[in-house]
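Notes to accompany the following structure.
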Amino acid sequence: MGAKEEDIAVEKFNKDKIQNVVVKKKGKTEEIVIIGAHYDKTEAGCGAIDNWTGISMIAHLFKTLSKLETQKSYVFVAFDQEEKGLLGSEAMAKAIPKESKSQYCAMVNLDSFGFTAPFALQHISSNSLIKMAQETAKANGMKFQDIVIPGASSDSAPFKNKKIPAITLSGLDNKWQEYLHNKNDQLPKINME
């Protein structure tokens, strides 16, 4: 999507067992917004829904934002091993030095789209970012809600736990158990509209 080689890195953790792909876009300030999605998948299905939808979204967001002069700096991250317990995002959040934490304005996580209007996973999202998402959706005439999926987690959780405002956005419907984490996680299942 046009990233320069010097802006792309593979950040390795846990003796290289965890590998996050990171692309940075420098802004006018040192304030940072992380935009992430996980690139791993479960054993079943091909991972088109969970989570190549999120990975393709961050790639397109990078392409769009890279052409703009922005106040904040952006870090686009393809997280490793979300399906094994949020290992990539946990490692990245843990690696943020205490003295640098105040530079991190927000973490936006994109996980599994293609079925319904976007929503926030309330229990792993910060109230301030949910409110901002609701206001933005309303201003643009979009549907938006925040919901709880019992037992679900995603890559925003480690950042929220570190007191960095974070939000997970998704676009699943109430039939998500029919296609997520099983053989039905296939490209033809995604509503491209």
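Dipole orientation for the chain: of the candidates I147, P97, S56, P97 has the Cα lying most toward the positive pole (charges on Cβ; Lys, Arg +1; Asp, Glu -1).
DSSP beta bridges fully contained in the stretch 1-116 are about 50 percent antiparallel.
State which entries of K4/K162; K98/K138; K94/K143; K17/K94; K26/K101; K84/K162 exceed 27 angstrom in Cα-Cα distance in the structure shown. Check vs 27 Å cut-off fails for K4/K162; K98/K138; K94/K143. Only the Cβ atoms of Lys and Arg (+1) and of Asp and Glu (-1) were treated as charged; on that basis the dipole of the chain about its Cα centre amounts to roughly 480 debye. Counting only Cβ charges, +1 for Lys and Arg and -1 for Asp and Glu, the dipole size of the stretch 1-83 around its Cα centre is about 380 debye. With contacts taken as Cα pairs under 8 Å at a separation of at least 6 residues, the stretch 43-181 carries a relative contact order of 33 percent. In the stretch 76-144, Cα pairs under 8 Å separated by at least six residues give a relative contact order of 19 percent. Taking amide H as placed 1.01 Å from N in the peptide plane, the amide H of I18 sits under 5 Å from that of F13, each at least 5 places away or on another chain. The spacing between the stretch 51-120 and the stretch 144-169, judged by their C-alpha centroids, is 12 Å. P97 sits among other residues whose Cβ lies under 15 Å from its own Cβ, and their net charge, with Lys and Arg +1 and Asp and Glu -1, is +2. Split the accessible area of the stretch 43-193 by element, probe 1.4 Å, and carbon with sulfur accounts for 54%.
The values are calculated or read from the model by the stated rules, or taken from the named source; none is laboratory data. Being a predicted model, the structure only gives us computed values, none of them experimental. Neighbour counts are summed over all protein chains in view; Cβ atoms, including those assigned to glycine, are modelled from backbone coordinates with ideal geometry. To get the accessible areas, we keep the full protein, side chains included, count just its heavy atoms, and leave off ligands, DNA and RNA. Shrake-Rupley method; radii C 1.70, N 1.55, O 1.52, S 1.80 Å.
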